[in-house]
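In what follows, a single structure is set out as structure tokens and then discussed.
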Amino acid sequence: MPTMRHCIQFLLNDQTITLNEVGTGDMLLDFLRLNQRLTGAKEGCAEGDCGACTVLVGRLVDDELIYEPVNGCIRFLSSLDGCHVVTIEHLKGAEGTLHPIQKAMIEHHGSQCGFCTPGIIMALYALWMRTAKPSREQIEHALQGNLCRCTGYEPIIRAAQAVCYDQDWPRSDPLLDERAMVKEALSKLKHDQSVLLQKQGDSGPEQIFIPANEEDLANFYAEHPDATLIAGATDAGLWVTKFLSSIPALIHIGNLKALKTIKYKGDSLTIGSGVSYSDAMPDLIKAFPMIEPYLLRIGGWQVRSMGTIGGNIANGSPIGDMPPILIALGAEICLKSVEGSRQLPLEDFFLAYGKQDRQPGEYLHSIHIPLMAANNEVAAYKISKRRDEDISSVAVGFNLVIENGIIRSARIAFGGMAATPKRAQAAEKTLIGQPFSEESMIKAAQILEEEFTPLSDMRASSAYRMKVAQNLFRRFYLEKANGFTGLEAAQ
Ligand SMILES: Cc1cc2nc3c(=O)[nH]c(=O)nc-3n(C[C@H](O)[C@H](O)[C@H](O)COP(=O)(O)OP(=O)(O)OC[C@H]3O[C@@H](n4cnc5c(N)ncnc54)[C@H](O)[C@@H]3O)c2cc1C
Ligand code: FES
Ligand code: FES
């Protein structure tokens with residue numbers, strides 16, 4: 001491997017931070033509060049759910065400065081090389097006054113106990129920077145990842161609307177004014193070397209590797225197959241903050257350009273495994289508009305900014321939201337290692353609970369999704385206890401090809417119904433050659449009992465899961481037969 005760096009550097013508000021020693025379990029929020037005494041961001045849940053720890057992370061993408069809200073509590077400190085971290089302390093208005101968002105939150109009583117307030121202001125600030133006149137729906141989506149136990153949200157939404165629509169408030173913002181300087185500073189921090197950080201931790205030696213390119217990733221992972229790959233850390237961060245696990249070696253792939261590409265090739269869309277939900281959504285929605293409401297129910301904005309499609313597949317969870325719809329769409333995945341690359345249908349990746357078809361040193365490179373033809377009827381549904389920021393009890397993807405009223409092919413995949421994401425193959429078989437009717441769908445739904453024995457757990461009982469899965473067959477028919485796009489029905 002060519003020359004290696006042994007430090008990370010990032011901008012924190014208007015200061016350059018250089019760190020030579022970082023622990024594998026060090027989180028951004030602890031660094032801000034304990035090391036830098038920037039105590040505006042709060043720790044509520046320490047698992048990405050409440051948004052009290054929201055800060056912005058900016059990065060240069062093709063020379064453009066993009067800021068996203070992230071959960072500081074589960075963001076690995078070592079993932080910030082080359083980024084700009086903006087905390088609530090940096091927010092201000094012209095000449096030392098409050099920022100218009102802060103002012104509006106006061107004037108509209110958007111803050112009571114105040115614990116959630118810095119996180120809410122940072123999420124609204126991220127929205128305000130990119131959308132001058134957001135709709136109420138956009139404001140609600142921006143706040144999906146922020147909990148407030150006092151205000152009931154209406155005053156916060158009124159504050160957000162006021163700051164965006166009230167003509168009296170000038171759209172001035174020191175951070176926007178500083179952009180040229182920040183870009184210059186980040187350009188200076190840019191480098192093309194891989195980074196290796198080593199430290200003696202409490203439980204033994206710790207090492208962090210940040211590959212500069214795919215070749216370095218493949219070589220390092222081949223030599224250290226037990227290292228943990230970290231993409232967006234929205235699963236892995238919780239192993240540290242909730243299970244108090246120590247990670248001896250980790251490899252950050254979240255900023256690796258080679259895994260962040262989105263390409264159309266022939267009749268398929270290829271999404272790099274490191275593409276976040278937020279970055280993938282415009283293309284996924286363009287190709288499959290009916291799944292937009294489904295995608296908007298994955299996590300909150302912070303989780304969608306950090307979490308990747310690849311991480312949702314590679315974690316092997318039976319309740320991840322992307323595998324059911326991707327399997328239904330006929331997606332294939334590409335795995336790579338020093339040995340080369342191989343491609344397999346996504347459903348074949350999931351072997352058993354906690355076991356995937358991935359060899360030591362192999363990483364998920366990309367996901368290929370065939371585009372729909374005119375006669376495909378596609379939908380994805382998520383059933384969870386809470387509408388937003390909740391894990392699915394049952395999720396399903398439907399993809400039927402219907403010609404002249406007859407079902408010619410069917411791909412239906414469930415999450416939450418088995419130990420892995422799983423196709424409903426017997427039900428699919430029953431549908432093929434049948435008219436697309438309520439009767440056919442109900443008949444196929446009954447077959448589910450022959451091929452699935454769902455678990456009972458704290459989210460749902462086995463009987464509930466089965467019933468709801470069967471009902472979703474009927475819902476799919478009623479929506480499609482009535483000409484709904486899926487957008488209305490899932491609101
Ligand atoms: C508050 C909150 C809400 C959430 N809501 C949802 C939800 O609504 N629906 C849902 O499905 N999930 C949800 N999740 C779970 C999580 O966000 C997703 O599973 C996410 O897609 C994981 O991606 P990541 O990049 O963060 O993965 P990471 O946490 O970085 O990694 C997850 C696992 O995948 C492995 N991995 C990552 N990338 C690769 C790769 N390229 N090759 C091989 N292995 C890899 C890692 O080693 C690790 O084992 C939520 C999480 C939180 C914290
Ligand atoms: S502390 Fe709750 S999301 Fe971070
Ligand atoms: S103001 Fe108290 S939690 Fe929001």
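Being open to solvent by 10 Å² or more (accessible area, probe 1.4 Å) and within 16 Å of ligand 2 (Cβ to nearest atom) is true for just one of L147, L91, L56, L98. Which residue is that? Let's see the steps before the verdict.
On the way: L91 fails: within 16 Å of ligand 2 (Cβ to nearest atom); L56 fails: open to solvent by 10 Å² or more (accessible area, probe 1.4 Å); L98 fails: within 16 Å of ligand 2 (Cβ to nearest atom).
Only one candidate passes the filter, namely L147.
Look through I319, I327 and report the one residue that is β-branched (V, I, T), more than 16 Å from ligand 3 (Cβ to nearest atom), open to solvent by less than 10 Å² (accessible area, probe 1.4 Å) and touching a residue at least 24 places away in the same chain (Cβ under 8 Å).
On the way: I319 fails: open to solvent by less than 10 Å² (accessible area, probe 1.4 Å).
Result: I327 is the single residue among I319, I327 that is β-branched (V, I, T), more than 16 Å from ligand 3 (Cβ to nearest atom), open to solvent by less than 10 Å² (accessible area, probe 1.4 Å) and touching a residue at least 24 places away in the same chain (Cβ under 8 Å).
Answer yes or no: is there a residue in the stretch 89-96 that is within 16 Å of ligand 1 (Cβ to nearest atom), out of contact with any Asp or Glu (no Cβ under 8 Å at 6 or more places or on another chain) and of a type outside the set (A, V, I, L, M). Give the derivation first.
Narrowing the stretch 89-96 to residues within 16 Å of ligand 1 (Cβ to nearest atom): none.
Scanning the stretch 89-96 turns up no residue that is within 16 Å of ligand 1 (Cβ to nearest atom), out of contact with any Asp or Glu (no Cβ under 8 Å at 6 or more places or on another chain) and of a type outside the set (A, V, I, L, M).
Just for strands (runs of 3 or more DSSP E) wholly inside the stretch 298-416: which have at least 1 residues that are near ligand 1 (Cβ under 10 Å from one of its atoms), in contact with a helix residue (DSSP H, G or I) (Cβ under 7 Å, 6 or more places away or on another chain) and in the same structural domain as E451 (by TED's automatic domain parsing)?
Working: elements: 332-337, 340-345, 350-352, 363-370, 376-383, 394-403, 406-415.
Filter on the stretch 298-416 gives 332-337, 363-370, 376-383, 394-403, 406-415.
Taking only the stretch 242-253 into account, find how many residues are buried (at least 20 other Cβ atoms within 10 Å of the Cβ) and either outside any loop (DSSP other than H, G, I, E, B) or outside the structural domain of T24 (by TED's automatic domain parsing) (or both).
Result for the stretch 242-253: 3.
Going by the structure shown, is V57 at pLDDT 95 or above and closer than 23 Å to L124 by Cβ? Even if it seems obvious, please write down each step before you answer.
On the way: at pLDDT 95 or above: yes; closer than 23 Å to L124 by Cβ: yes.
In short, yes.
Might you let me know whether the stretch 257-271 holds any residue that is surrounded by fewer than 22 Cβ atoms within 10 Å (Cβ to Cβ) and in contact with a Lys or Arg (Cβ under 7 Å, 6 or more places away or on another chain)?
Yes; the residues of the stretch 257-271 include at least one that is surrounded by fewer than 22 Cβ atoms within 10 Å (Cβ to Cβ) and in contact with a Lys or Arg (Cβ under 7 Å, 6 or more places away or on another chain).
Going by the conditions given, is P134 out of contact with any Pro (no Cβ under 6 Å at 6 or more places or on another chain), more than 16 Å from ligand 3 (Cβ to nearest atom), at pLDDT below 95 and farther than 26 Å from V61 by Cα?
Considered against the rule, which asks whether it is out of contact with any Pro (no Cβ under 6 Å at 6 or more places or on another chain), more than 16 Å from ligand 3 (Cβ to nearest atom), at pLDDT below 95 and farther than 26 Å from V61 by Cα, P134 comes out as no.
If you go through the stretch 67-77 one residue at a time, do you hit one that is over 24 Å from K188 (Cβ atoms), open to solvent by 20 Å² or more (accessible area, probe 1.4 Å) and either within 16 Å of ligand 2 (Cβ to nearest atom) or not assigned by TED's automatic domain parsing to the domain that holds W239 (or both)?
We begin by selecting, within the stretch 67-77, every residue over 24 Å from K188 (Cβ atoms); these are 69, 71-74.
Remaining after also requiring open to solvent by 20 Å² or more (accessible area, probe 1.4 Å): none.
No, the stretch 67-77 contains no residue that is over 24 Å from K188 (Cβ atoms), open to solvent by 20 Å² or more (accessible area, probe 1.4 Å) and either within 16 Å of ligand 2 (Cβ to nearest atom) or not assigned by TED's automatic domain parsing to the domain that holds W239 (or both).
Taking the stretch 31-45 on its own, how many of its residues are crowded, with 17+ Cβ neighbours inside 10 Å and either away from ligand 3 (no atom under 16 Å from the Cβ) or assigned to a helix (DSSP H, G or I) (or both)?
Qualifying residue count, the stretch 31-45: 4.
The values are calculated or read from the model by the stated rules, or taken from the named source; none is laboratory data. All values derive from a computational prediction rather than experimental measurement. Cβ coordinates were reconstructed from backbone atoms using ideal geometry, including for glycine residues, and neighbour counts include every protein chain displayed. With ligands, DNA and RNA removed, areas are computed over all heavy atoms of the protein, side chains included. Shrake-Rupley method; radii C 1.70, N 1.55, O 1.52, S 1.80 Å.
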